[in-house]
1. Counting only Cα atoms, I'd like the Rg/Rh figure for the range 105-170, Kirkwood definition for Rh.
2. Between their Cα atoms, which of LYS81/LYS119; LYS324/LYS350; LYS19/LYS200 are more than 20 Å away from each other?
3. What is the sum of charges, Lys and Arg at +1 and Asp and Glu at -1, for the other residues whose Cβ falls under 13 Å from the Cβ of MET125?
4. Just for the chain, what percent of DSSP beta bridges are antiparallel, to the closest 5?
5. Quick one: which residues, 5 or more positions from ILE59 or on another chain, have an amide H under 5 Å from its amide H? H modelled 1.01 Å from N in the peptide plane, none for Pro or chain starts.
6. Expressed as a whole percentage, what fraction of the accessible surface of the range 108-194 belongs to carbon and sulfur atoms when a 1.4 Å probe is rolled over the protein heavy atoms?
7. Scale the Cα Rg of the chain by the rule-of-thumb value 2.2 N^0.38 Å and send over the ratio, two decimals.
8. 5 Å is the cut-off here: which amide hydrogens, built 1.01 Å from N in the peptide plane, fall below it relative to GLU306, excluding neighbours closer than 5 in sequence?
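The values are calculated or read from the model by the stated rules, or taken from the named source; none is laboratory data. The model shown is predicted, which means the values in this text are computed figures rather than measured ones. Here the Cβ positions follow ideal geometry from the backbone for every residue, glycine too, while neighbour counts run over all protein chains shown. All accessible areas refer to the heavy atoms of the entire protein, side chains included, with ligands and DNA or RNA removed. Shrake-Rupley method; radii C 1.70, N 1.55, O 1.52, S 1.80 Å.
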Amino acid sequence: MAQQLSLRQKLEILADAAKYDASCASSGTAKKDSRGGKGVGSTEGMGICHAYAPDGRCISLLKILLTNHCIFDCHYCINRKSSNVRRARFTPQEVADLTLSFYKRNYIEGLFLSSGIVKSANHTMEQLIEAARILREEHDFRGYIHLKTIPEADAELIHEAGLYADRVSINVELPTDSGLTRLAPDKNARQIEGAMDRTKVRILQAKDERKRFRHAPRFAPAGQSTQMIVGADGASDVDIMGRASALYGNFGLRRVYYSAFSPIPDASAVLPLKRPPLIREHRLYQSDWLMRFYGYAPGEVAEAAEADGNLPLDIDPKLAWALKFRERFPVDVNRASREELLRVPGLGTKAVAKILAARRHRTLRLDDLARLTQSIAKVRPFLVAADWRPTRLTDRIDLRAMLAPKSEQLELF
């Protein structure tokens, strides 16, 4: 019975249950591994994860669920009502006390709080808000708070959550409506999007009010984010990137997180038996980056995909696109625009900025590029410099094999 569990036991259960949520960019708890999971500085089993704040700082968060009881029966979720897992439940006061206790020990800088649905969406949302309210109003807690909001809850409750949280998020769960209907029958895609739209409007209103009134309340100043599960349904990478692009455009999201489906104990028979390769999740993040920071349209990212609609796993999507459109290369490093340079495989935004700054003072040669980039071998087929022209290298049939990372057997010691 949950009532008989100690606070530590609850923490072990609810921190472990929260690890499946990737939307705060957890990096695990293995970095501070004092022997046996004990000792000063050990965070093993305590649900501490790392996330990036809006100003780019990497911060540690206490990542837990309020409860893993749930009245929903989503097939992919380990906390679904038909799942045979140990259950536990925090009170809002316990969440606040744990957060303050960890914070005062300098273990964390904030809280990521999510929850299963217990009793009703409104009741659960009220409990989440109460934990944040205790921290903010009773303890003047000024650390980072990320609240996972429940789209089925009343709009007033989601609004109240945004007044206490730095960031709010609502999971779209799956890339396609059909996948959501099949695997999460209690959820509704239009209801999720409606909640995201109201949150977007409220964030914009709050920003406008803060410009005009100095003491206007803040509302989710770090914006909203969402998460999609990859590989649980039949959605291709093109489907996923199209969905992500629409979410960024329609709801002004700060981030879309992609979480490779992970088989769970006592899984439903409708789920795949194997998880997708983790490299697929990595390729989706790379594609997401291309759309957000490199000027690629969603259709261009889709052009990098293979015939089955999935991105190649052996090379990154930027290189895949360049190999398909070789007529766009090589570009002259001393004359090309920033947009053209950003399309060159191997050149990141920082390298392009350095190139643009350096060529104001001198004509760049291949040696200059070697100092400004991490891999001159990768950029050579796609660039012209003062002393370099790739001639037939760009059109070689085996160029993909030449540039694909070599598979290596990792050493155990």
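1. Ratio value, two decimals: 0.97.
2. Over 20 Å apart, Cα to Cα: LYS324/LYS350; LYS19/LYS200.
3. Neighbourhood net charge equals -3.
4. The antiparallel fraction comes to roughly 25 percent.
5. ALA51, TYR52, ALA53
6. Taking all protein chains in place, the range 108-194 shows 43 percent carbon and sulfur surface.
7. Relative to the rule-of-thumb radius for its length, the chain sits at 1.10.
8. Close amide H contacts, sequence-distant or interchain: LEU311.
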